[in-house]
Amino acid sequence: MGRKNRLAFAGTLLLVWFMLEPIFIVVVCSFMKGEEIRISFGGVLQGSTGYASVPILPYYFSADNFEELLLRTSEFFVMFWNSVGQVICIVLGQIVIGVPAAWAFAKWKGKWINYVFGLYIILMLIPFQVLMVPEYLTLYHLNMIDTHFSIILPGVFATFPVFIMTRFFKAVPDELLEAARLDGATEAYIFLHVGLPLGKQGIGAAVILSFIEYWNAIEAPMTFLQQHSKWPVSLYLPNITKENAGIALAASVIILIPTLLIFLLGHDLMEEGIANTGLRG
């Protein structure tokens, strides 16, 4: 291995460590006892002045934080299942509505299609803070504020998944579709039996990215949901203190598990889908 390759390898390892260090700290500290957590993080919690010190491994491994969270904290379970229900409904809605829309943008001809798709791109670039007030007013007039639908409905009509799937469907050869039409296939048959099988990587990438995005959503739930009993698990710990730091770390580990599993199970599908959309440099 040449000198340049060694330097590149060392730089890559350093970058990977910086990326994984927060996860390592959370996992390790979640198995600390309460007193050890207070000693390690007491200087940076509750307005204290000082430094945090994180050992490579806990002095004494303990599952007390997970036991307290999973056996004695009912609020966590309510929020966890709120997130599960909200995210599953959003993803299914995006499949039902977004996949046909992406196919239409990719394969239907006409200037108005391009204009509407251009509007989609503009909406995709607008941050949530800009759309927050009109979305709130719309949901208010639909009597959906402080309901699960206030999170699900905007998510179902999100623009980014449609953009990803459209880019992928455009790669389906038009000659293949013309051949199917000459054989007497209807547009619905072509979409179901040609478009969907060839577009599964793009659909998979959109589903995985949407799951991760809405599982970790914070701004929309804080804006549209008032009752804590309807909050998703991403809002479980708005404040971390010396008293609840251990539970906060344990909750962070459990909240991370679904997104990590989804990513690992669909990593190859997502990578192929994103690569074929031309998004990777």
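The values are calculated or read from the model by the stated rules, or taken from the named source; none is laboratory data. As the structure is a computational prediction, the values presented were derived from the model and not from experiment. Cβ: placed from backbone, ideal geometry, glycine included. Neighbour counts: every protein chain shown.
Going by the conditions given, is TRP81 of a type in the set (Phe, Trp, Tyr) and within 19 Å of the chain's Cα centre (by Cα)? In short, yes.
Based on what the data block shows, is GLY118 surrounded by fewer than 18 Cβ atoms within 10 Å (Cβ to Cβ) and at positive phi? Judged against the criteria, GLY118 is not a match.
For the structure I just gave you, tell me whether ALA106 is among the small types (Gly, Ala, Ser), in contact (Cβ under 8 Å) with a residue 24 or more places away in the chain, under 25 Å from TYR236 (Cα atoms) and out of contact with any Leu (no Cβ under 6 Å at 6 or more places or on another chain). Quick ask: steps written out before the conclusion?
Working: among the small types (Gly, Ala, Ser): yes; in contact (Cβ under 8 Å) with a residue 24 or more places away in the chain: yes; under 25 Å from TYR236 (Cα atoms): no; out of contact with any Leu (no Cβ under 6 Å at 6 or more places or on another chain): yes.
When the stated conditions are applied, ALA106 does not pass them.
The residues of region 7-35 that are at pLDDT 75 or above and either on the phi > 0 side of the Ramachandran plot or among the charged types (D, E, K, R) (or both), listed by number, are GLU21, LYS33.
This table checks each residue for (1) of a type in the set (A, V, I, L, M, F, W, C); (2) farther than 17 Å from GLU75 by Cβ.
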{"position": "GLU213", "(1), (2)": "no, yes"}
{"position": "PHE224", "(1), (2)": "yes, yes"}
{"position": "HIS228", "(1), (2)": "no, no"}
{"position": "PRO232", "(1), (2)": "no, no"}
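Go through region 93-113 residue by residue and tally those that are surrounded by 11 or more Cβ atoms within 10 Å (Cβ to Cβ) and of a type outside the set (A, V, I, L, M, F, W, C). The number of residues fulfilling the criteria is 5. Of all residues in region 147-193, those satisfying the criterion of being surrounded by 14 or more Cβ atoms within 10 Å (Cβ to Cβ) and assigned to a loop (DSSP other than H, G, I, E, B) are THR147, HIS148, PHE157, ALA158, THR159, LYS170, ALA171, VAL172, ALA185.
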